[in-house]
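One structure is given here, and the rest of the page talks about it.
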């Protein structure tokens, strides 16, 4: 082999070797870059997760704080927190930290009252993350939801599962929820006994136990004790929701000026409606109108509907029946999912007989009675205004004769006295009048049976 050929061959081999070596170097560098890229990606992914989760926790904490200290305007924080959690679960569905987001999402739905969604989140956590530190808390919140929905057996099951973990703060919560279960079962005396003991053992749960005790005393119609515990609650947080409960008790006791004074700094629609009712009862019609008129003009929800009722009563008091009717006619079209809308519609139907019918003076008597009876039922069933219901039922009884609505009205009056006003003597008197006036009818027979039961129960006592 000539020198030049050998030199060329050697040069070729060297070049090939150099290329292979360079390729290896490039592959090595590429591998390092890939590893660096993966590390940076994972790092950024972790940062994205924790940053989003941090904000979700922050919104949730702000919501809790606003709920406890102000009692209004907190739902927006829970909604924002829930949105962050949903993003995390969409971005990182298989993350080992997804149980954090699922649990927090469930908590937000719980606070928003969206119990079906909350159940879904807690159950998903339980089914997917068998070793999660949040399992006992998921069971606890499933119990809370079932207590709210009166699913007593399921609530007891979940409380039992939560207890099995033997975690101190969970055990305290379980004990508190068991108090609520007693209340749901109607064992109010046990609730009071256990609740007062609980206060001494777990002072850190004072606010929540005070709420349970106040509810128990309200259930027993012991307003003085209920007020005491509500005022103790108010010292803890000064929240509007607690203040409103206190004001409502004052309203029920006809301490209207106290109710107004207690809510004077509250700006919620509920507070304005309560003050509006108080001012109306006190005869301060302009002040009542100032509280509710804007609600009626600007809202198409339950608060706007309730404002329309007060505004309608104000116009009626000022002898402007047409304006009163026009207000209710407008609000009867509000898309409100509440039973009070049925009362409004009944009242509008009755008033329309006089304001929409050109020949209203010639309407058949039965038509007028029918609509008047429906209106009385509206006051009785939907508005719980028993005094007004009795007044309208009595007008049917006193002004008409040959109609089935007379005994029906009298039976309704007797029932209101017996079940709603606890006036047994007036109830017996009304039922006995039905019995003597409509002998042989089904109403007479029912009235006699009711009187018999009342008298038997009185003897046993």
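Readers should treat all values here as calculations from the given coordinates under stated rules, not as data from a laboratory. Here the structure is a predicted model, which means the values were calculated and not measured. Ideal geometry is used to build each Cβ from the backbone, glycine not excepted, and the neighbour counts take in all protein chains shown.
Observations on the model:
- Angle of helix 168-184 to the longest C-alpha principal axis of the chain, folded into 0 to 90 degrees and rounded to 10: 20°.
- In the chain, the DSSP-assigned H stretches of four residues or longer account for a calculated mean residue ellipticity at 222 nm of -26000 deg cm²/dmol, using -39500 (n - 2.57) per stretch and the full residue count as denominator.
- Computing volume of the Cα convex hull per residue in Å³ for the structure here picks out one of [x] 275; [y] 147; [z] 162, namely [x].
- Global form of segment 78-166, assessed from the alpha-carbon gyration tensor, a/c cut-off 1.5: oblate
- Relative contact order (percent, whole number), segment 364-461, Cα cutoff 8 Å, 6+ residue spacing: 17
- If you sort the three axes of the alpha carbon gyration tensor as a ≥ b ≥ c, you get a/c of 1.5 or more for segment 364-461 and a/b no higher than b/c, which makes it oblate.
- Once the Cα atoms are used to define both axes, helix 365-377 deviates from the longest principal axis of the chain by about 50 degrees.
- Between segment 101-124 and segment 133-168, the Cα center-to-center distance that results, in Å: 14
- Modelled this way, with points 7 Å down the Cα-to-C-beta line, the labels at residue 185 and residue 253 are 3.2 nm from one another.
- Angle between the chain longest axis and helix 405-415 axis [Cα atoms, degrees, rounded to 10]: 70
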